[in-house]
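Below: one structure, written as structure tokens.
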Amino acid sequence: DTYGIQTYIAPNIHPFEIIQSMTVRAKSKEFTESSGFLFYETLDGFNFKSLDNLIKNSKVTDYTF
């Protein structure tokens, strides 16, 4: 979740460029001192998450080769 509502007009800009610019402007509700957001895609779809949330919920996985 993000804090606040912003109005943003984006003529002649590709959708992914708009999303990228929002990663800097968005402010996290949970982590008020967050350093920003990341927009990325996984097999489950697109994600827009704060860096602090990713670090907090990071999972350590063991890999066997």
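Brief remarks on what is shown
- From the coordinates shown, Cα Rg over 2.2 N^0.38 Å corresponds to which of [x] 1.35; [y] 1.20; [z] 1.07: [x]
- Taking the 1.4 Å solvent-accessible surface of the chain as the whole, the part contributed by carbon and sulfur is 55%.
- Accessible area per residue in Å² at 1.4 Å probe, computed on the chain: 91
- Karplus 3J(HN,Hα) series, Hz, for segment 18-25 with 6.51 cos²θ - 1.76 cosθ + 1.60 (x for Gly, Pro): 5, 4, 4, 5, 6, 4, 8, 7
- Each residue was assigned an accessible area with a 1.4 Å probe, and for PHE48 the value is about 80 Å².
- Close amide H partners of THR2, meaning residues 5 or more places away or on another chain with modelled amide H under 5 Å apart, are LYS29.
The values are calculated or read from the model by the stated rules, or taken from the named source; none is laboratory data. None of these values were measured; they are calculated from a predicted model. SASA here: full protein model, heavy atoms, side chains in, ligands and nucleic acids out. Shrake-Rupley method; radii C 1.70, N 1.55, O 1.52, S 1.80 Å.
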